[in-house]
Amino acid sequence: MSDGVHFGTLVDVEARSAWAHEAHAFTPWLAENLERLSTAIGIPLELTGREVGVGRYSADILATNPIDGSVVLIENQLESSDHTHLGQIMTYLAGLDAHVMIWLAPNFREEHLSALRWLNQHTDENFAFFAVKLRVVQIGDSPLAPLFEVLEKPNSWDKSLQRTGRAATS
């Protein structure tokens, strides 16, 4: 017996359906919508720049955490994680003196998640490495909706957030 409620089915849509080009479409959208990513990872983000030069390369997005002033590197891609982006991330971290790194991709290879996990375990608490899965979903004919799912984060991240929050309020 039905009570008259009709439910739709949430379906995943290819990220390229929402943004045809990473640098020209997705990066600008993300830069304008950092609060969505901020909510997913649990830290405030303020945009510092897009396509920030590091030698002959360009980091996708640079932001700061206004609570502690730390530099946040955001590297995004519309394809599965790859070694090229992992290498770029290391170059950008060094060149920009970033302490927080957020890597967004629709899919992460286990080897790349393992590398970020290793970095979180073997660097001091001043560094934080995040893997965030980018999902684009839709129900029926509804507008597309981006979702950010944190797959990897520092082990002590929750404790660090609590300490930072207490310090900011006192």
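The values are calculated or read from the model by the stated rules, or taken from the named source; none is laboratory data. All values derive from a computational prediction rather than experimental measurement. Neighbour counts run over all protein chains shown; Cβ positions are idealised from the backbone, glycine included. All accessible areas refer to the heavy atoms of the entire protein, side chains included, with ligands and DNA or RNA removed. Shrake-Rupley method; radii C 1.70, N 1.55, O 1.52, S 1.80 Å.
The set of residues in the range 1-57 being in contact (Cβ under 8 Å) with a residue 60 or more places away in the chain and acidic (Asp, Glu) consists of Asp12, Glu14. The set of residues from the range 121-150 being surrounded by 17 or more Cβ atoms within 10 Å (Cβ to Cβ) and either out of contact with any strand residue (DSSP E or B) (no Cβ under 6 Å at 6 or more places or on another chain) or in contact (Cβ under 8 Å) with a residue 40 or more places away in the chain (or both) comprises Phe130, Ala131, Val132, Leu134, Val136, Gln138, Pro146, Phe148.
Being outside any strand (DSSP E or B), in contact with a strand residue (DSSP E or B) (Cβ under 7 Å, 6 or more places away or on another chain) and at pLDDT below 95 is true of Gly8. For the range 66-81, indicate whether the set of residues that are closer than 24 Å to Glu14 by Cβ, assigned to a helix (DSSP H, G or I) and open to solvent by 80 Å² or more (accessible area, probe 1.4 Å) is non-empty. No, the conditions are met nowhere in the range 66-81. Candidates Trp19, Trp29: the one that is surrounded by 13 or more Cβ atoms within 10 Å (Cβ to Cβ), under 20 Å from Ile139 (Cα atoms) and among the aromatic types (Phe, Trp, Tyr) is Trp19.
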